[in-house]
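The values are calculated or read from the model by the stated rules, or taken from the named source; none is laboratory data. Computed from a predicted structure; not experimentally measured. Don't worry about glycine lacking a Cβ; one is built from the backbone with ideal geometry, like all the others, and counts go over all protein chains shown. To get the accessible areas, we keep the full protein, side chains included, count just its heavy atoms, and leave off ligands, DNA and RNA. Shrake-Rupley method; radii C 1.70, N 1.55, O 1.52, S 1.80 Å.
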Amino acid sequence: DCREILLPTMTDQLKYHLERQEDLEACCQLLSNILEVLYRKDVGPTQRHVQIIMENLLRTVNRTVISMGRDSELIV
């Protein structure tokens, strides 16, 4: 139930910082942690939550990665 409240807030904050190219390493780590939790089998249904992330962040993440270039330390 708390994901229903926290996830939209977290994606809004991530989007804000990604669009401004601020704290990219922290943003990457946070998004990675969120997705790792949603990938686990013991956290209940997650399809809707992954969809929220995709709808709110996919375009922004793609733009950020493209603007970073291949020589960035954050691109593995």
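Before moving on, here are some points about what is shown:
- Some residue of region 4-23 being more than 16 Å from Thr64 (Cβ to Cβ), free of Cβ contacts under 8 Å to residues at least 24 places away in the same chain and open to solvent by less than 70 Å² (accessible area, probe 1.4 Å): no
- Subset of region 60-76 that is touching a helix residue (DSSP H, G or I) at 6+ places or on another chain (Cβ under 9 Å) and in a helix (DSSP H, G or I) - its residue that is modelled with the lowest pLDDT: Met68
- Flag for Leu35 being in a helix (DSSP H, G or I) and of a type outside the set (Asp, Glu): yes
- If the condition is being surrounded by 13 or more Cβ atoms within 10 Å (Cβ to Cβ) and more than 9 Å from the chain's Cα centre (by Cα), then region 24-36 contributes only Leu24.
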